[in-house]
Amino acid sequence: IIFLSFYCATILADDTVNIGFRYGFLTKSTYDSDSITVLSDSSIIHTGDYLRINIGYKNKTNFCIAYRDADGGYMELYSSDDQKDSNQDTLYVPALQWSDMEKPPGIETFYFINSIESFSDLITLLGRYEIAPPKGRSKLAILIQDKIDSYDPDVQDDLSSISSTLDKPVTGGVAFRGEDDDGLKELSLTHECFGTGGTAFQKVVLIHQ
């Protein structure tokens, strides 16, 4: 269930950037395969393929990945609230370990949000959604999407974010050159997103066939 589509609104000037993170969407055909591929804008993924998500973000900032599946259901994929305390300047985390794509196929949407503000309201809504009956989930889904939209620069005029591909995959913040020509490993980060107004927002959509 994952179709990948990257977008971020344009930042007007570099000196307005005040928060940012790196991420990597990786896939392979089987769990034991050593052949790893980077997913990018409008990438296609198939049922049975394996997906991994890596992130790197500034310590003491808040990070959340909310996921909407092909059926329109929501779940919390990652929250910095669950991260152990660290004295590292930047946290590098496998937000999603290798997981196989299951049916049904369709559009899979991931919302990456890095902010200086707390996500307590969004996390609470996602938690309520997980245990709610079907009727309750329908109402909560609207509230969850509204809350996600409050961080979206395409919806909020006072926010701006931009995403780009790194020249070279990095692991733990350091350019990695290994056996592969492209230096790609399962811990690799391949993209970055910077934002203004204390929030960096990235929407990723995968086409699951």
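The values are calculated or read from the model by the stated rules, or taken from the named source; none is laboratory data. Since we're looking at a predicted model, the values are computed, not measured. Counting neighbours? That spans all protein chains shown, and the Cβs are built from the backbone with ideal geometry, glycine included. All accessible areas refer to the heavy atoms of the entire protein, side chains included, with ligands and DNA or RNA removed. Shrake-Rupley method; radii C 1.70, N 1.55, O 1.52, S 1.80 Å.
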>> Return the residues of segment 80-96 that are part of a strand (DSSP E or B) and either aromatic (Phe, Trp, Tyr) or within 30 Å of Asp146 (Cβ to Cβ) (or both); say none if nothing qualifies.
In response: Leu91, Tyr92, Val93, Pro94, Ala95, Leu96
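Do the conditions hold for Asp41, that is, is it of a type in the set (Asp, Glu), more than 30 Å from Asp89 (Cα to Cα) and surrounded by fewer than 21 Cβ atoms within 10 Å (Cβ to Cβ)? Step through it out loud before you land on a result.
Details: of a type in the set (Asp, Glu): yes; more than 30 Å from Asp89 (Cα to Cα): no; surrounded by fewer than 21 Cβ atoms within 10 Å (Cβ to Cβ): yes.
Judged against the criteria, Asp41 is not a match.
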> What residue, among those in segment 129-162 that are more than 16 Å from Asp71 (Cα to Cα) and among the β-branched types (Val, Ile, Thr), is farthest from the chain's Cα centre (by Cα)?
Replying inline: Ile131
> Could we say that Ser99 is touching a His at 6+ places or on another chain (Cβ under 9 Å), among the hydroxyl-bearing types (Ser, Thr, Tyr) and open to solvent by 30 Å² or more (accessible area, probe 1.4 Å) here?
Replying inline: no
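Among Ile113, Ile107, Ile123, Ile65, which is the only one that is β-branched (Val, Ile, Thr), part of a strand (DSSP E or B) and open to solvent by 10 Å² or more (accessible area, probe 1.4 Å)? Let's see the steps before the verdict.
On the way: Ile113 fails: open to solvent by 10 Å² or more (accessible area, probe 1.4 Å); Ile123 fails: part of a strand (DSSP E or B); Ile65 fails: open to solvent by 10 Å² or more (accessible area, probe 1.4 Å).
One residue alone meets the criteria, Ile107.
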> Out of segment 126-157, which residues are open to solvent by 70 Å² or more (accessible area, probe 1.4 Å) and either in contact (Cβ under 8 Å) with a residue 24 or more places away in the chain or assigned to a helix (DSSP H, G or I) (or both)?
Replying inline: Arg128, Glu130, Ile131, Pro134, Lys135, Arg137, Ser138, Lys139, Ile142, Leu143, Asp146, Asp154
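Which of the residues that make up segment 53-62 are touching a residue at least 24 places away in the same chain (Cβ under 8 Å) and open to solvent by 10 Å² or more (accessible area, probe 1.4 Å)?
Kept after step one, since they are touching a residue at least 24 places away in the same chain (Cβ under 8 Å), are these residues of segment 53-62: 53-59, 61-62.
Scanning segment 53-62 gives Lys58, Asn59, Thr61, Asn62.
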